[in-house]
Amino acid sequence: AQTVTQSQPEMSVQEAETVTLSCTYDTSENNYYLFWYKQPPSRQMILVIRQEAYKQQNATENRFSVNFQKAAKSFSLKISDSQLGDTAMYFCAPNTDKLIFGTGTRLQVFP
Amino acid sequence: EPEVTQTPSHQVTQMGQEVILRCVPISNHLYFYWYRQILGQKVEFLVSFYNNEISEKSEIFDDQFSVERPDGSNFTLKIRSTKLEDSAMYFCASSEGTFYEQYFGPGTRLTVT
């Protein structure tokens, strides 16, 4: 069975600072993508960033970047220059043929 | 920008009643999914649908659940006889390919009383 572990239930960061959210997963698949989704209080699921497992280069999307370590099955998300609007639940989700979500990290950005 | 839409946004029903949750995926997407999220818990996969048939379903997706693509635009989830534990947010998602990013609708909050 595929599992996803997000070991930080809650994190907080001051505005403009950098924060890293951790994620480890377990899969026997070789071909997959990995995603981070954000869920603000509205509960809408919003795609933050994606990483193809066959690519060694870490994905970057504006202030968001990942550190992908395939052998270690680790996929952390770094948010630079944190903004108040980044306050949300963040879910890590590998996708083999369906998304398997972790339990999430609640991120609070404070002024 | 294309988006996935879902109706209704909130559905209240009595235990034992049938409900149909509706979704309109992004028009050029071929893969469709339903997920659910019980309040305070993680998002769980229910079912995937491709080429007019179920590709995969989870243990949650028992005989009480069914999906259908009745026309070229809608994708529905039906729960035949709702239980209290079916109360959750139900998300529809669609994607262009199996491994690609999935785009989520805003969800339907189902409350079973």
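The values are calculated or read from the model by the stated rules, or taken from the named source; none is laboratory data. Note that the coordinates shown come from a computational prediction; the quantities given were computed from them, not determined experimentally. Using ideal geometry, Cβ is built from the backbone for each residue, glycine included, and neighbour counts are taken over all protein chains shown.
Identify the residue in region B:58-98 that is in contact (Cβ under 8 Å) with a residue 60 or more places away in the chain and within 11 Å of the chain's Cα centre (by Cα) and, among all such residues, is surrounded by the fewest Cβ atoms within 10 Å (Cβ to Cβ).
Result: B:Lys78.
May I ask you to say which residue of A:Lys55, A:Lys38, A:Lys98, A:Lys78 is loosely packed, with under 15 Cβ neighbours inside 10 Å and among the basic types (Lys, Arg)?
A:Lys55
Can you pull out the residues in region A:79-100 that are touching a Pro at 6+ places or on another chain (Cβ under 9 Å) and modelled with pLDDT under 95?
A:Ile100
Being closer than 19 Å to B:Phe91 by Cβ and either of a type outside the set (Val, Ile, Thr) or touching a helix residue (DSSP H, G or I) at 6+ places or on another chain (Cβ under 9 Å) (or both) narrows it down to one residue among A:Pro94, A:Pro111, A:Pro9; which is it?
Being closer than 19 Å to B:Phe91 by Cβ and either of a type outside the set (Val, Ile, Thr) or touching a helix residue (DSSP H, G or I) at 6+ places or on another chain (Cβ under 9 Å) (or both) holds for just one of A:Pro94, A:Pro111, A:Pro9, which is A:Pro94.
For region A:65-91, which residues satisfy the criterion of being farther than 21 Å from A:Glu17 by Cβ and within 14 Å of chain B (Cβ to nearest Cβ)?
A:Phe91 - this is the single residue of region A:65-91 that is farther than 21 Å from A:Glu17 by Cβ and within 14 Å of chain B (Cβ to nearest Cβ).
Can you tell me which residues in region A:8-31 are loosely packed, with under 15 Cβ neighbours inside 10 Å and modelled with pLDDT under 95?
Across region A:8-31, the qualifying residues are A:Asp26, A:Ser28, A:Glu29, A:Asn30, A:Asn31.
Here's a check for you: in region B:42-57, which residue that is surrounded by fewer than 13 Cβ atoms within 10 Å (Cβ to Cβ) and part of a loop (DSSP other than H, G, I, E, B) is nearest to the other protein chains (Cβ to nearest Cβ)?
B:Asn51
Between B:Thr76, B:Thr82, B:Thr98, which is within 11 Å of another protein chain (Cβ to nearest Cβ) and either assigned to a helix (DSSP H, G or I) or not hydrophobic (A, V, I, L, M, F, W, C) (or both)?
B:Thr98
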